[in-house]
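Structure, as structure tokens:
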Amino acid sequence: MICALFAGFSTSASAQFNVCELRALSRTGGQSGAEFDLDIVAGDRLNEVSKLVFSNSGIVAQQREGTQLPFSGQPVGLSGKFRVRIDQAVPVGAYEVRVSGRHGLSNPRVFLVTSSESQFLPSVSHDPLAPTSLTVGTFVNASCVTAQQDWFRFELKEPADVRVDLFAQRVDSRMIGQLKVIDAEGKSLAVARGSDEFDPAITLSKLDAGVYKIMLHDFLYRGGAEFPYQLVVSMGTDTTSDVRALLEDQNQKIAGQLPVNRLPSSVTCAPETAGAQDALEPSVVQRLEVPSDSVWWFPKDQRGQVFEFTAKKGEQISVKLASDRLGEPSDARLFVERIEPQETGEPKYHAVAQSDDSFSLGSEPLNLVTKDPVVLWTASHDSDYRLIVHDMDVGEMLSERQFFELHVGKPEPAFDLVAYPAFPTKDPKLCRGFGSKLFRGGAEAIHVIAARRDGWTGPIKLTVEDLPPGVTASEVVLAANQHETQITLTAAEDAKAVDFNVTVAGVSADSTMKTLATPITQVWGRGAGRDFVQSRVNADLAFRVSDQDVSPLTIRIGDGQISKVKKAENLSVPITLARREGGAEACIFRAKNLPPGVTIADVTVPKDAKEGKLELKVTDKALPGTYSLWLQVETKLKVKPNVQALERAEAYRKHLQTLHDDPSKASQLDSIKAAITAADKLVEAAKTEAKEQQLTVYIPSPNLTIQVIDP
């Protein structure tokens, strides 16, 4: 099949390989059992996209075909245009879709499956006097328009309880939703606003029969393809099951389905996290029996909620509160006090511990941070103790009330892991959603962050599971005094083309604990008025080996074995480069993830040189242990993004010329000449794709593991 050239192809040289990036689709969901068209509407390097990859195999897509090229006898695949079918058996929920093609496998976007009708509206009324009609129970797919309000109307035939939900953040939109419901007399019944992590919803009880309007827009009045949303009005119990399934965690695990709570920091919550439906109304002083796991509402009046319990001298107590990590717009603070009874009057309270934000790990593009307090302390007396919980930010504009989960008990030392494709750049401010195109002979990286819980400090051995043939990754050790590292994937020069998912597994040094890393994706980089990188949990850690590209440069560090070095000594490690066409320039090696007391000066391997040397200096302050390092290699490579497109275009042009010169085709000569004129334009366009570009790239080296030992 011949693929048509995609109009949005960019020819400018970038600071990295030409990898596709998906930013928006024409719709963000569909009904189970339905079939519909789905188009790519925003992204980079999406020419020759030939496949949609969904995280659930029950959702499939077929590329749509255009008219045949004259005299070719072959259909033309319409790049970026598909026909999607959702199997009736696919459960309601949030899934993911990626695009795959000549320029790799893209980053994912959320795709909602509903049991209710899902309707695509290419345009929506901006006139409050002529709103777009909305059927109760139908999920509407639309997008914001810059500086405009979208207006809808719905009708109730009889009095009913009504819920209005706007899904924007939940479909990877840049939109911060502003939502309002208005009655027939123009009176505002309710207003709700979202945030960068929170979508608005409005619940109205016992609405009278009649016509109502909904006004919505982006809070900053932005718009465009990157601002999609879904809107649904639920009446009574008609469609609340769909909304519930999209907003509440389900007990069963469904292939490819995203969790309801997708905040990166949610990884550090218990796997069986409760929700608002389990929350209790606390009394003024709530007595707890340790160990205790419970869910509570924050007091409405912002007063501190008090919990009391008994602990024995020398007993270690872990207190963990989860609310921000559960997606609530809250900012809790926690105080622990020992209660000393008095013979007369009020008891005395002795401060024991306090906690505000519990941790902040990593940096750009992912800062694993939470506002939830966590504290680990040891009881100094046999005594009663009390916890005082305050919510410093009640988030009234985002939800009427917030809840929190409270754990009090013995420490449970453990670790959580998150993993995401490392964005290949020197400047973290440039980070954004990025796809994968692993060249044969090339390398890509996975960044891993460990959140250590309840005092656990041991080293973690990291491995990559489910690698396809021809792709390898060394075991990496995250040392006891480290929270993040990077794992390098390398593809053999004869690796086969494949889209694949991997799992990063972390095992404690004594093999008693094993944790699988939660995949994270970068949804949006800086832009559209937001000066931060937005990330979320995603379904798969996905990569693609490209069989049509060979890396101009393959890097090797050391011999793949663990190198031992004594404190106060140096270690020399060889660098070997395999240079191919386009990979002749100088390479600068910059060490990353160095442990305390170990330094490596930047090393430059000159142009055309194939060997170099790293010098590791280990001071007497270095801590004994095993450490895995990697180096970021900056160089300039010359690549031809799509030579194959030019070869196909020239072959077609040659075929037409053969027909032109064939006397038996004289009756078709005018049509052949017209086809040749069009083919010449295709050749010129393909030359742009095949034109050699010089790119500044940042390549991860293979991992180097060293063991620091005492003299």
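The values are calculated or read from the model by the stated rules, or taken from the named source; none is laboratory data. All of these numbers come straight from a predicted model, not from anything done at the bench. Glycine also receives a Cβ, built like all others from the backbone with ideal geometry; neighbour counts cover every protein chain displayed.
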Scanning the range 543-560 residue by residue, those exposed (fewer than 14 other Cβ atoms within 10 Å of the Cβ) and either without any contact (Cβ under 8 Å) to a residue 40 or more places away in the chain or of a type in the set (Phe, Trp, Tyr) (or both) turn out to be Asp559
Kindly indicate whether Phe167 is under 24 Å from Gly527 (Cβ atoms), among the aromatic types (Phe, Trp, Tyr) and outside the structural domain of Ala539 (by TED's automatic domain parsing).
yes
Please enumerate the residues belonging to the range 576-595 that are more than 15 Å from Trp630 (Cα to Cα) and touching a residue at least 60 places away in the same chain (Cβ under 8 Å).
Ala578, Arg580, Gly582
Test: Lys312 is out of contact with any helix residue (DSSP H, G or I) (no Cβ under 9 Å at 6 or more places or on another chain) and either modelled with pLDDT of 95 or more or in the same structural domain as Asn501 (by TED's automatic domain parsing) (or both):
yes
Condition first: under 27 Å from Cys20 (Cα atoms), touching a strand residue (DSSP E or B) at 6+ places or on another chain (Cβ under 8 Å) and at pLDDT below 95. Can you find one or more residues in the range 190-204 that meet it?
yes
Restricting to the range 348-365, and then to whatever is buried (at least 20 other Cβ atoms within 10 Å of the Cβ) and part of a loop (DSSP other than H, G, I, E, B), can you tell me which residue is modelled with the highest pLDDT?
Pro365
Find all pairs meeting these conditions: Cβ atoms under 6 angstrom apart; at least six residues apart or on different chains; first residue within the range 340-351 and basic (Lys, Arg); second residue not in a loop (DSSP other than H, G, I, E, B).
Lys348/Glu340
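Those residues that are of a type in the set (Lys, Arg) and at pLDDT 95 or above, I need them from the range 323-347; list them, please.
Filtering the range 323-347 down to residues of a type in the set (Lys, Arg) leaves 325, 333, 338.
Passing the criteria: only Arg338.
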If we keep only residues of the range 153-187 that are out of contact with any strand residue (DSSP E or B) (no Cβ under 7 Å at 6 or more places or on another chain) and over 19 Å from Gly223 (Cα atoms), then the residue surrounded by the fewest Cβ atoms within 10 Å (Cβ to Cβ) is Glu185
Evaluate the following for Ala591: is it among the aliphatic types (A, V, I, L, M), closer than 26 Å to Gln548 by Cβ, outside the structural domain of Thr485 (by TED's automatic domain parsing) and not in a loop (DSSP other than H, G, I, E, B)?
no
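Quick check on the range 694-703. Is at least one of its residues aliphatic (A, V, I, L, M), in a helix (DSSP H, G or I), touching a residue at least 24 places away in the same chain (Cβ under 8 Å) and crowded, with 16+ Cβ neighbours inside 10 Å?
no
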Take Thr599 and decide whether it is touching a Gly at 6+ places or on another chain (Cβ under 8 Å), under 29 Å from Leu489 (Cβ atoms) and not charged (D, E, K, R).
no
For the range 31-45, state whether one or more residues are surrounded by 22 or more Cβ atoms within 10 Å (Cβ to Cβ), farther than 25 Å from Gln230 by Cβ and not hydroxyl-bearing (Ser, Thr, Tyr).
yes
Do the conditions hold for Asp393, that is, is it farther than 29 Å from Arg174 by Cβ and modelled with pLDDT under 95?
no
If you go through Lys180, Lys187, Lys206, the only one that is at positive phi and over 23 Å from the mean Cα position of the chain (by Cα) is Lys206
Quick one: Ala147 ticks every box in (1) touching a Ser or Thr at 6+ places or on another chain (Cβ under 7 Å); (2) hydrophobic (A, V, I, L, M, F, W, C); (3) on the phi > 0 side of the Ramachandran plot bar one, so which box is it?
(1)
When the range 480-509 is checked residue by residue, the ones that are surrounded by fewer than 21 Cβ atoms within 10 Å (Cβ to Cβ) and of a type in the set (Gly, Ala, Ser) are Ala480, Ala492, Ala497, Ala505, Ser508, Ala509
So which residues in the range 526-559 are of a type in the set (Phe, Trp, Tyr) and assigned to a strand (DSSP E or B), if there are any at all?
Phe543
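Per-residue answers, yes or no, for (1) under 30 Å from Ala666 (Cα atoms); (2) surrounded by fewer than 18 Cβ atoms within 10 Å (Cβ to Cβ); (3) of a type in the set (S, T, N, Q); (4) touching a residue at least 24 places away in the same chain (Cβ under 8 Å):
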site	(1), (2), (3), (4)
Val49	no, no, no, yes
Phe54	no, no, no, yes
Ser72	yes, yes, yes, yes
Ser79	no, no, yes, yes
Phe82	no, no, no, yes
Asp87	no, yes, no, yes
Within the set of pairs 6 or more residues apart or between chains, which connect a residue that is within 10 Å of Gly470 (Cβ to Cβ) inside the range 485-499 to a residue that is surrounded by 17 or more Cβ atoms within 10 Å (Cβ to Cβ) and basic (Lys, Arg) with Cβ atoms less than 6 Å apart?
Ala491/Arg440; Glu493/Arg440; Ala495/Arg440
Select, from Leu368, Leu334, Leu398, Leu406, the only residue that is surrounded by 14 or more Cβ atoms within 10 Å (Cβ to Cβ), more than 30 Å from Thr485 (Cα to Cα) and out of contact with any Lys or Arg (no Cβ under 9 Å at 6 or more places or on another chain).
Leu334
